[in-house]
Amino acid sequence: MAASLGMAWSTAVVAFVAAVPLWRYTTNAITIAHEGGHAVFGRLFGTAVKHVKIFHEGAGEMLPLDETFLSKFVSLVAGYLGPSIIGFTGVLLLVHDFHPRSVLLLSLAFLAAVLIMVRNLFGVFVILAVGAILWVVAMRSTAPVQLVFAHVWVWFLLMGGARQVPELFWVIHSGDNTNDAAQLQGQTLIGDVVWLFLFWLLSLGALVYGGALLLRHAA
């Protein structure tokens, strides 16, 4: 089942509304992908994770127990790129004609992996809420509804991934040396502003290229 060009554009508009005007209400979904990116990709490269926490208004925390240079580097990079990585993976599935349900089930598997590591009540609630929406659409809705929702979902992840990065500028400007870019600077001796630029460049690249793939596939 392929999307029409009109549907591809319409879902992009819906995702834009969710990722920009409604950001204060949707930011926690991106935080899950951000902190989950730290935890899941870090664990894949050897990081032992003590806990993940999701707080109100988009704040989050991933606390490692033990990590190597490589696992720490991958974990730090995968935070701000987490939403874009998941969103772009969904785009590739859609443009290669995988069933839209596969996109939603992949996202559910990621949520389940993060849920195991979450250690605060609000984080559990948010993940279960997002997971419930994805599960209902994936398992209880029709194929056309799944197609529309999968497009909105991947657009939202790509846009939200790009939307979160400029906020890092203000964190850096405030002098907070615990942010991801500052930690990468300490590990690599490459300036935090350079990491900020790379995060934004890569997340915008994923949005532009991923969006172009969706629109071209629907044309």
Within the range 124-132, does at least one residue satisfy the condition of being surrounded by 15 or more Cβ atoms within 10 Å (Cβ to Cβ), within 20 Å of VAL49 (Cα to Cα), of a type in the set (A, V, I, L, M, F, W, C) and at pLDDT below 95?
no
ALA150 being crowded, with 18+ Cβ neighbours inside 10 Å and either out of contact with any strand residue (DSSP E or B) (no Cβ under 6 Å at 6 or more places or on another chain) or among the aromatic types (Phe, Trp, Tyr) (or both)
yes
Tell me which of these PHE45 doesn't satisfy, since it passes every other one: (1) at pLDDT 95 or above; (2) more than 17 Å from the chain's Cα centre (by Cα).
(1)
Of those in the range 106-120 that are in contact with a Phe, Trp or Tyr (Cβ under 9 Å, 6 or more places away or on another chain) and under 24 Å from HIS151 (Cβ atoms), the residue surrounded by the fewest Cβ atoms within 10 Å (Cβ to Cβ) is LEU108
Output the qualifying pairs, or none if there are none: Cβ atoms under 7 angstrom, residues six or more apart or on different chains, first residue in the range 200-214 and buried (at least 16 other Cβ atoms within 10 Å of the Cβ), second residue at pLDDT 95 or above and of a type in the set (Ser, Thr, Tyr).
LEU202/SER84; SER203/SER84; ALA206/SER84
I'd like the residue in the range 100-153 that is among the small types (Gly, Ala, Ser) and touching a residue at least 12 places away in the same chain (Cβ under 8 Å) and, out of all such residues, is farthest from HIS34 (Cα to Cα).
ALA143
Return the residues of the range 80-114 that are outside any helix (DSSP H, G or I) and of a type outside the set (Phe, Trp, Tyr); say none if nothing qualifies.
HIS96, ASP97, HIS99
Regarding the range 112-120, can at least one residue be identified that is within 23 Å of LEU22 (Cβ to Cβ) and not β-branched (Val, Ile, Thr)?
no
Quick one: which residue in ALA48, ALA3, ALA33 is surrounded by fewer than 20 Cβ atoms within 10 Å (Cβ to Cβ), touching a residue at least 12 places away in the same chain (Cβ under 8 Å) and of a type in the set (Gly, Ala, Ser)?
ALA48
Here the residues within the range 1-33 that are touching a Leu at 6+ places or on another chain (Cβ under 9 Å) and either in a helix (DSSP H, G or I) or among the basic types (Lys, Arg) (or both) are LEU5, MET7, ALA8, TRP9, THR11, ALA12, ALA15, ALA19, ALA29, ILE30, ILE32, ALA33
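Only one residue in LEU63, LEU76 is of a type in the set (A, V, I, L, M), part of a strand (DSSP E or B) and more than 30 Å from THR142 (Cα to Cα), so which one is that? So that I can check it myself, show each step before the final result.
Values: LEU76 fails: part of a strand (DSSP E or B).
Going through LEU63, LEU76 in turn, the sole match is LEU63.
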Helices (runs of 4 or more DSSP H) wholly inside the range 118-213 containing at least 3 residues that are within 21 Å of GLY6 (Cβ to Cβ)
143-173
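The values are calculated or read from the model by the stated rules, or taken from the named source; none is laboratory data. From a predicted model like this one, the values you see are computed outputs, not experimental measurements. Positions of Cβ are generated from backbone atoms using ideal geometry, with glycine treated the same way; all protein chains shown enter the neighbour counts.
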